[in-house]
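The values are calculated or read from the model by the stated rules, or taken from the named source; none is laboratory data. Everything numeric here is computed off the predicted structure, so don't read it as measured data. Positions of Cβ are generated from backbone atoms using ideal geometry, with glycine treated the same way; all protein chains shown enter the neighbour counts.
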Amino acid sequence: MSNHLSLVMLNSLADGELSAEDLAKVNEHLAGCPACTTDALHQTLLKATTAKAGQRYSPPAHLLEKITQQTARQTSLPQTETEARSRGRAGMLGWATAAAVLLISVSVLLIQRNAQRTAIASAERASLVTEVGDQHIATLAASSPPQVLSSDKHTVKPWFQGRIPFSFNLPEALPEGTTLDGANLTYLNNQPVAQLLYSMGKHRVSVFIARRSGSIRPVDLAAEHSGFHVMSFSTDELEVTAVSDVDPTRLSDLVRVIEKAQTGNHSQGK
C-alpha cells in the first residue's frame, strides 16, 4: 500500500468493515505513516463521539401512548370472552413489537460500539509502533551513553525507583548471546516509561516498559516499522514493547523471558 489511506478506507477502518486482508494492509501502512495514523485516530474518535451523542434509543412517544390507551380500554370496557382474547392478543403483539424494536436497537448499538473500539485499538497500536520505532532509532543515533550504564539488573532496576510510578522485574538469565547494556527514562504518549537496552551480537534492542492503561487488556502485538520488528505483551499492570532489527525468533525469545519474569510483579512500594 502506497501514498496515504483514502477517506473511504479510513471510514471503513473506523466502522470495523475491513476484511482481514485489508485490515492487515492498513495496519502495516499505519505503522510507517504518522499522518494516516493521526487521521485514523481522529476519524475513529469522531465517529465514537457522534455515536455516543446521537444513537441512544428511547421508545417513540406515540408508541407508548398507544400501548397505554389499549391497556386502559381493556380494563374499563365490558368484554365478551372472544373480545377479551382478541384484545389480549393485540396487547401482547404491541408489547412484543416494542420489545423487538428495543432489542434490535440495542444490538445495533453494541455492534457499532464494538467496531469503534476495534478501530480505536488498531489506531492506538499503529501509533505505538511508530512511537517506539522512532525512539529506538533515535537511541541508536545518539552518541551519549545510557542514563544508567550497567549490565547488572540489581543496579538497573533500583535506578528507576522514584522515577516511574510502577515497578517491574528483570529476568535472572537472558537468552544466549544477549546482554543488558543499561537503561533510560523516557516517555511514551506523555507517560514515563523504562527503556531497557540490550545487545544481541551486533544488534541493539530497546524494551519499553510502561504502566498499563485502561481496563481492557491489549492484544499482543507483532508488527514492522522502518525495517525494525516490534513485539509486545501485557500483564495486569504493565505494557511491554520490544524493538530491534535482530531476527524475530531471537527477539521473541527475549520478550518471552522478560514476560516470564513479571510473574508475581507488584506495584512500586509493596
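Just for segment 233-257: of the residues that are hydroxyl-bearing (Ser, Thr, Tyr) and without any contact (Cβ under 8 Å) to a residue 60 or more places away in the chain, which one is surrounded by the most Cβ atoms within 10 Å (Cβ to Cβ)? Walk me through it before giving the result.
Going through segment 233-257, the residues hydroxyl-bearing (Ser, Thr, Tyr) turn out to be 234-235, 241, 244, 249, 252.
Checking the rest, the ones that are also without any contact (Cβ under 8 Å) to a residue 60 or more places away in the chain come to 234-235, 249, 252.
Working: SER234: 19, THR235: 14, THR249: 8, SER252: 16.
Among those that are hydroxyl-bearing (Ser, Thr, Tyr) and without any contact (Cβ under 8 Å) to a residue 60 or more places away in the chain, it is SER234.
Can we say THR44 is among the β-branched types (Val, Ile, Thr), in a helix (DSSP H, G or I), in the same structural domain as VAL129 (by TED's automatic domain parsing) and modelled with pLDDT of 75 or more?
No; evaluated as a whole, the condition is false for this residue.
With GLU224, GLU172, GLU176 as the choices, which residue is on the phi < 0 side of the Ramachandran plot, acidic (Asp, Glu) and either without any contact (Cβ under 8 Å) to a residue 24 or more places away in the chain or outside the structural domain of LEU254 (by TED's automatic domain parsing) (or both)?
GLU176
Which members of segment 137-178 meet the condition of being in a strand (DSSP E or B) and touching a strand residue (DSSP E or B) at 6+ places or on another chain (Cβ under 7 Å)?
VAL148, LEU149, ILE164, THR178
Is it the case, given these coordinates, that TYR198 is modelled with pLDDT under 95 and under 23 Å from GLY227 (Cα atoms)?
no
Right, THR37: at pLDDT 75 or above, among the hydroxyl-bearing types (Ser, Thr, Tyr), crowded, with 18+ Cβ neighbours inside 10 Å and out of contact with any Pro (no Cβ under 8 Å at 6 or more places or on another chain) or not?
yes
Just to be sure, is ASP134 surrounded by fewer than 19 Cβ atoms within 10 Å (Cβ to Cβ) and under 19 Å from LEU188 (Cα atoms)?
Yes.
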